[in-house]
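Before any comments, here is the structure.
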Amino acid sequence: MTTGRGACRGHGTCQDVSKCACMAGWTGPNCEKPICSKCENGGKCVTPEKCRCSEGWTGDRCTVAMCNGLATGQGACSGHGRCTSPDRCSCDAGWTGEHCAVPVCHGKEIGICSGHGVCSKPDMCTCVSGWRGEECNQPSCRGKVTAEGACSGHGVCSDFDKCKCVAGWSGPMCDKPSCFKDGCKNGGTCKAPFKCECPADWGGEDCSEPKCDSLTTSQGGCAKHGVCSAPGKCKCFPGWSGDGCKIPTCHGKTNENGACNSHGKCIGPDLCQCDKSWSGYRCELAKCFGKSDREGACNGHGHCAKPGVCECDSGFTGEQCMRVA
């Protein structure tokens, strides 16, 4: 062993022929081995207290893991987690993915932002056009969601610019009143839900009922004595006649046509009000001195031929057939 500059590998002093006194940080017979406290995870000591780390590790003692070439605190795991072992991240709350670069919205990894947006930050969705809400689950119709009065306040915005109207309203934005399945008939106009404005000759909820004298049948048209079958045209019940079913008939005749045998007045269907000198169902019986033949006129001895005139039976005579002939 020499004592020159090359003795003890330059890391010590040659004290005698076979013994080196090593400098601090070196050891070995020739002071050829550096001393390190400990190089972890497969690292090698290359100079005193200096480790050469294996791939995926760094730090003085190779105890700091690296992810994607960076250590924790140097931007590893996208700054949203800890690098726990080479290329293995433990993500902070709200982040996921191999390098903790994917934000998590409302704890979902499937159906993120309801499929209508992008999770841009933890629990923060950036919605596509037409969708609103924290999770992009509220569609908008013409820029408004249901809670803001979308669909004219008459329906529910069920999809982007698609309204589901409540009963009584229709149209793309539920802004048109709806009246019944077939709408307002006979030229009527729907002015409000289930409320038709009908032409003058028609009535009823849907303008399907004709009017006679400004009234439908249900309102008392045709004097309640018939059915209004067409505007201004009545179909009278039996016992009534005339344009408005206001004229009663007795046995098929009106007063103008000789009802009640022209001896009384037809005051209702088949109901005669007889003149003073006549009686009977049809005013067909003359009265003599206040009685008809049915009531014993002419003292039962003759026939009341006309008011006040008795035709006596054989054997009787007198004005009232009271005397024996």
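The values are calculated or read from the model by the stated rules, or taken from the named source; none is laboratory data. Since the model is a prediction, treat every value here as computed from it, not as a measurement. Please note: Cβ atoms are built from the backbone with ideal geometry, for glycine as well, and neighbour counts cover all protein chains shown.
Can you tell me which of (1) within 45 Å of the chain's Cα centre (by Cα); (2) exposed (fewer than 14 other Cβ atoms within 10 Å of the Cβ); (3) under 30 Å from residue 281 (Cβ atoms) is the one residue 243 doesn't meet?
Going through (1) within 45 Å of the chain's Cα centre (by Cα); (2) exposed (fewer than 14 other Cβ atoms within 10 Å of the Cβ); (3) under 30 Å from residue 281 (Cβ atoms) one by one, residue 243 breaks only (1).
In this structure, does residue 170 turn out to be within 22 Å of the chain's Cα centre (by Cα), in contact (Cβ under 8 Å) with a residue 12 or more places away in the chain and farther than 30 Å from residue 69 by Cβ?
The answer is no for residue 170.
For the structure I just gave you, tell me whether residue 183 is without any contact (Cβ under 8 Å) to a residue 24 or more places away in the chain, buried (at least 17 other Cβ atoms within 10 Å of the Cβ) and closer than 30 Å to residue 229 by Cα.
No.
Given (1) within 30 Å of residue 175 (Cα to Cα); (2) in the same structural domain as residue 56 (by TED's automatic domain parsing), identify the lone condition not met by residue 155.
Status for residue 155: all satisfied but (2).
Do we have residue 287 as among the basic types (Lys, Arg) and touching a Phe, Trp or Tyr at 6+ places or on another chain (Cβ under 7 Å) here?
Judged against the criteria, residue 287 is a match.
Applying the selection to region 37-74, what residues are acidic (Asp, Glu) and without any contact (Cβ under 8 Å) to a residue 24 or more places away in the chain?
Of all residues in region 37-74, those acidic (Asp, Glu) come to 40, 49, 55, 60.
Of everything in region 37-74, those that are acidic (Asp, Glu) and without any contact (Cβ under 8 Å) to a residue 24 or more places away in the chain turn out to be 40, 60.
What's the number of the only condition in (1) more than 30 Å from residue 324 (Cβ to Cβ); (2) assigned to a helix (DSSP H, G or I) that residue 294 fails to meet?
(1)
Here is a list of conditions, (1) out of contact with any helix residue (DSSP H, G or I) (no Cβ under 9 Å at 6 or more places or on another chain); (2) farther than 17 Å from residue 240 by Cβ; (3) surrounded by 14 or more Cβ atoms within 10 Å (Cβ to Cβ), and residue 254 meets all of them except one; can you say which number that is?
It fails just one condition, (2).
Scan 275, 270 and give me the residue that is surrounded by fewer than 20 Cβ atoms within 10 Å (Cβ to Cβ), closer than 28 Å to residue 219 by Cα and among the charged types (D, E, K, R).
Result of the check over 275, 270: 270.
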